[in-house]
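Engineer: Please find one structure pasted underneath; my questions will follow.
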Amino acid sequence: MIGNTASVDECYLYGRGTHVRYSAQIMTHLLHIIRKLVGGSNPLACLRQRGLTVGNNFVMQEEVVIDTSHCWHITIGHHVTLAPRVHILAHDASTKRFLGYTRIGKVSIGNQVFIGASTLVLPGVSIGSNVIIGAGSVVTRDIPDDVVAAGNPARVICTLREFLAKRAEEMKDVPCFGEEYTIGGHVTDEMKKEMNSRMTRRIGYVT
């Protein structure tokens, strides 16, 4: 291009380059929006930024819901696993329409805790350390240290030591499989069939 004069080819090339550049910017922006809508951004980072307290070695599996609008009332200790679809609530909006206020409650979860799939933890609850909460439980009251609790409402069913002793004894009579028998270990179709054929009592253990 000389001065303000440009050939048709030069204008076409310049225009095409501009179009490609702006198209790329639009696509990047759209992908960012889509990732946020489908949860592609880091939900834990967002919760921490809002005030959630979480310890080390925290595992949050698929479809876990931690009260996003009141997460600064929730404290989670070290070595805690939330299985799929666990819900932890720190507020109850049922009073809002009638009283003009939402009820809120602090939730505390200790260290070395496993909360089973589809469990609901309600506002104001404290769960101790070294605890297992069975799948599908509704935790409406405090759970002490060193126990296994389950049910709706969740209640203590045994000590953690009793539960682990029972499971350790069971492991002696059923097949136990190594990491190579997991998705992360690239388990093959043949190995999957082998697992099912060896689980004659329907139960087994995998690392």
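The values are calculated or read from the model by the stated rules, or taken from the named source; none is laboratory data. All values derive from a computational prediction rather than experimental measurement. All Cβ positions, even for glycine, are placed from backbone atoms using ideal geometry, and neighbour counts span all protein chains on display.
Engineer: Of (1) under 17 Å from the mean Cα position of the chain (by Cα); (2) farther than 26 Å from residue 69 by Cβ; (3) not polar (S, T, N, Q), residue 156 satisfies all except one. Which?
Structural biologist: Just one mismatch for residue 156, condition (1).
Engineer: Next question. Give me the pairs, please: first residue somewhere in the stretch 79-98 and modelled with pLDDT of 95 or more and of a type outside the set (D, E, K, R), second residue anywhere and surrounded by fewer than 13 Cβ atoms within 10 Å (Cβ to Cβ) and not in a loop (DSSP other than H, G, I, E, B), beta-carbon distance under 6 Å, and either six or more positions apart or on two chains.
Structural biologist: Correct list of pairs: 81/59.
Engineer: Now for a separate question. Taking residue 124 and the conditions (1) touching a residue at least 40 places away in the same chain (Cβ under 8 Å); (2) buried (at least 17 other Cβ atoms within 10 Å of the Cβ); (3) among the small types (Gly, Ala, Ser), which numbered condition does it fall short on, given that it satisfies the others?
Structural biologist: Unmet condition: (1).
Engineer: Here's a check for you: in the stretch 65-75, which residue that is crowded, with 19+ Cβ neighbours inside 10 Å and in contact (Cβ under 8 Å) with a residue 24 or more places away in the chain is nearest to residue 113 (Cα to Cα)?
Structural biologist: The qualifying residue nearest to residue 113 (Cα to Cα) is 74.
Engineer: Follow-up question, since we're still on this one. Across the stretch 68-82, what is the total count of residues that are part of a loop (DSSP other than H, G, I, E, B) and either among the aromatic types (Phe, Trp, Tyr) or more than 16 Å from residue 145 (Cα to Cα) (or both)?
Structural biologist: The total comes to 3.
Engineer: Those residues that are in a loop (DSSP other than H, G, I, E, B) and within 21 Å of the chain's Cα centre (by Cα), I need them from the stretch 83-101; list them, please.
Structural biologist: Once the filter is applied, which keeps residues that are in a loop (DSSP other than H, G, I, E, B) and within 21 Å of the chain's Cα centre (by Cα), the stretch 83-101 yields 83, 84, 85, 86, 89, 90.
Engineer: Out of curiosity, is residue 191 more than 24 Å from residue 125 (Cα to Cα), touching a Pro at 6+ places or on another chain (Cβ under 8 Å) and part of a helix (DSSP H, G or I)?
Structural biologist: Against the criterion (more than 24 Å from residue 125 (Cα to Cα), touching a Pro at 6+ places or on another chain (Cβ under 8 Å) and part of a helix (DSSP H, G or I)), residue 191 does not qualify.
Engineer: Of all residues in the stretch 193-207, how many are farther than 18 Å from residue 173 by Cβ and under 26 Å from the mean Cα position of the chain (by Cα)?
Structural biologist: Adding up the residues that qualify gives 0.
Engineer: Follow-up question, since we're still on this one. Return the residue satisfying two criteria in turn: it lies in the stretch 125-152 and is outside any strand (DSSP E or B) and touching an Asp or Glu at 6+ places or on another chain (Cβ under 9 Å), and of such residues it is nearest to residue 72 (Cα to Cα).
Structural biologist: Of all residues in the stretch 125-152, those outside any strand (DSSP E or B) come to 125, 128-130, 134-137, 140-142, 144-146, 151-152.
Those still in the list that are touching an Asp or Glu at 6+ places or on another chain (Cβ under 9 Å) too: 125, 128-130.
On the way: 125: 14, 128: 19, 129: 20, 130: 23 Å.
For the stretch 125-152, the residue satisfying everything is 125.
Engineer: Can you say whether residue 111 is surrounded by fewer than 16 Cβ atoms within 10 Å (Cβ to Cβ) and either touching a residue at least 40 places away in the same chain (Cβ under 8 Å) or not basic (Lys, Arg) (or both), as far as the supplied structure shows?
Structural biologist: Answer is no for this residue.
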